[in-house]
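Here the structure comes first, spelled out in structure tokens, and everything after it is commentary.
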Ligand SMILES: [Mg+2]
Ligand SMILES: [Zn+2]
């Protein structure tokens with residue numbers, strides 16, 4: 001099993017051939033997981049990091065995991081913000097991350113929504129979680145072994161997505177997580193782990 005599309009300083013090498021194996025990745029949700037959930041974030045000043053986010057991302061970087069953000073941004077379809085705004089949020093987050101020595105390898109968002117005011121952004125789409133198209137795009141770009149990868153997020157759709165792609169899922173109880181845990185509980189996919197926040201989720205990932 002080899003991949004030639006991994007990030008240059010990552011992929012593991014097999015001892016005999018020197019060929020790269022596919023990378024492991026952690027796919028993280030944005031709102032309610034990296035930053036506070038504010039309900040359709042539409043102002044840059046509402047970006048508020050959870051205290052452990054930078055450290056958690058840095059730990060994943062150091063452990064050799066690719067880190068990809070996968071986020072439903074249905075607010076675009078609803079006309080509450082636009083794609084340019086979402087790009088500017090991610091650029092601002094990227095700058096803060098890199099200032100603290102942490103790195104996100106890819107940012108993916110779904111602009112669609114079932115009640116979109118923009119007709120072309122009405123679901124069904126393949127990318128709105130638990131749809132898998134954002135993860136498939138990351139796999140094409142980076143060469144990722146999903147069986148050794150994780151999805152961390154605060155919604156049932158995040159852990160359902162993990163299950164759908166053959167990765168492991170961690171539900172964090174920040175954001176909507178406590179509510180979704182109560183609401184879906186045993187209906188969440190088998191093997192779903194629960195963590196109090198991203199830091200605890202990452203600590204768990206790093207023991208596996
Ligand atoms: Mg979320
Ligand atoms: Zn979509």
Original post:
Within the range 176-192, can you find the residues that are surrounded by 11 or more Cβ atoms within 10 Å (Cβ to Cβ) and in contact (Cβ under 8 Å) with a residue 12 or more places away in the chain?
Top reply: 176, 177, 180, 181, 183, 184, 188, 189, 192
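Residue check: is residue 103 under 18 Å from the mean Cα position of the chain (by Cα) and within 20 Å of residue 175 (Cβ to Cβ)?
no
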**OP:** Exactly one condition in (1) away from ligand 2 (no atom under 15 Å from the Cβ); (2) surrounded by fewer than 16 Cβ atoms within 10 Å (Cβ to Cβ); (3) over 21 Å from residue 200 (Cα atoms) is not met by residue 126; state its number.
**Re:** (1)
Subject >> Given (1) in a loop (DSSP other than H, G, I, E, B); (2) within 22 Å of residue 159 (Cβ to Cβ), number of the condition residue 60 does not satisfy >> reply: (1)
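Would you mention how many residues in the range 41-50 are in a loop (DSSP other than H, G, I, E, B) and either in contact with a strand residue (DSSP E or B) (Cβ under 9 Å, 6 or more places away or on another chain) or within 18 Å of residue 67 (Cβ to Cβ) (or both)? I'd like the intermediate steps shown before the answer.
First, the residues of the range 41-50 that are in a loop (DSSP other than H, G, I, E, B): 41-43, 47-48, 50.
Checking the rest, the ones that are also either in contact with a strand residue (DSSP E or B) (Cβ under 9 Å, 6 or more places away or on another chain) or within 18 Å of residue 67 (Cβ to Cβ) (or both) come to 41, 47-48, 50.
Total meeting the criteria: 4.
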**OP:** Note down all Cβ pairs under 7 Å where the first residue falls in the range 132-151 and is in contact (Cβ under 8 Å) with a residue 40 or more places away in the chain, the second is within 14 Å of ligand 2 (Cβ to nearest atom) and part of a strand (DSSP E or B), and they're at least six residues apart or on different chains.
**Re:** 134/70; 134/108; 134/110; 135/70; 138/108
Original post:
Does residue 70 count as within 16 Å of ligand 2 (Cβ to nearest atom) and touching a helix residue (DSSP H, G or I) at 6+ places or on another chain (Cβ under 6 Å)?
Top reply: yes
Original post:
So is residue 136 away from ligand 1 (no atom under 16 Å from the Cβ) and within 22 Å of residue 161 (Cβ to Cβ) or not?
Top reply: yes
Original post:
How many residues are exposed (fewer than 13 other Cβ atoms within 10 Å of the Cβ), modelled with pLDDT of 70 or more and farther than 28 Å from residue 196 by Cβ when one looks only at the range 1-47?
Top reply: 0
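The values are calculated or read from the model by the stated rules, or taken from the named source; none is laboratory data. The structure presented is a predicted model; accordingly, all values stated were derived computationally and were not measured. Methodologically, a virtual Cβ is constructed for each residue, glycine included, from the backbone with ideal geometry; neighbour enumeration extends over all protein chains shown.
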